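Notes for the one structure printed next.
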Amino acid sequence: MGIVKRLWDKKIIFMDITQTATETFINNNSLISTIIEEIKLSKDEFGELQIQITISKFSKKSNFSKINLLFNDIVEFNFYYNSDYNFYNIEDYKLLYFNNQIYLSLDPDQSIKDKSEHDSDFILAKSLKLL
């Protein structure tokens, strides 16, 4: 099922969902109308960048209430912040798996189904784990 890892004296169970994320976050488990509580940049045990996003406020029908998404082997990312806007209600998103990579845009250009140069607030990584 998942892998157990000790982190700061806690047992953390995580599941690699790199290839299944697009099927995981659909219907009642959609990220639409959820809230990002935290975006954390850090280095993994090999000194490589990783990004952890904490998401909560899923619908009552969802299998989730609060999750952590851990992106590893980051290829590219871009987030923009402006204090004039709320941080951070997910109103729309684009989640894709292609070329053995996972792509999440939280401010997508919906006129293009694939990754677009007009997508904003995005992460492209080789690995995604659900904590």
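The values are calculated or read from the model by the stated rules, or taken from the named source; none is laboratory data. Keep in mind the model is a prediction, meaning the values are calculated, not measured. Note that we place each Cβ from the backbone using ideal geometry, even for glycine, and neighbour counts take in every protein chain shown. Heavy atoms of the whole protein, side chains included, go into the accessibility calculation; ligands, DNA and RNA do not. Shrake-Rupley method; radii C 1.70, N 1.55, O 1.52, S 1.80 Å.
Yes or no, residue by residue, for (1) under 15 Å from THR20 (Cβ atoms); (2) without any contact (Cβ under 8 Å) to a residue 24 or more places away in the chain; (3) surrounded by 19 or more Cβ atoms within 10 Å (Cβ to Cβ); (4) of a type in the set (Phe, Trp, Tyr):
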site	(1), (2), (3), (4)
ASP73	no, no, no, no
ASN82	no, yes, no, no
PHE87	no, no, no, yes
TYR97	yes, no, no, yes
ILE102	yes, no, yes, no
LEU106	no, no, yes, no
SER111	no, yes, no, no
ASP114	no, yes, no, no
GLU117	no, yes, no, no
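Suppose the filter is on the phi < 0 side of the Ramachandran plot, open to solvent by 60 Å² or more (accessible area, probe 1.4 Å) and of a type in the set (D, E, K, R); does ASP92 pass it? No. With respect to ASP9, is the statement that it is modelled with pLDDT under 95, at positive phi and either open to solvent by less than 30 Å² (accessible area, probe 1.4 Å) or not aromatic (Phe, Trp, Tyr) (or both) true? Spelling it out, ASP9 is indeed modelled with pLDDT under 95, at positive phi and either open to solvent by less than 30 Å² (accessible area, probe 1.4 Å) or not aromatic (Phe, Trp, Tyr) (or both). Residues in segment 28-72 that are in a loop (DSSP other than H, G, I, E, B) and under 16 Å from LEU95 (Cβ atoms) were compared, and the one that is nearest to the chain's Cα centre (by Cα) is LEU31. Residues of segment 73-105 being within 21 Å of SER59 (Cα to Cα), modelled with pLDDT of 95 or more and not in a loop (DSSP other than H, G, I, E, B), which ones? Selection gives LYS94, LEU95, LEU104, SER105.
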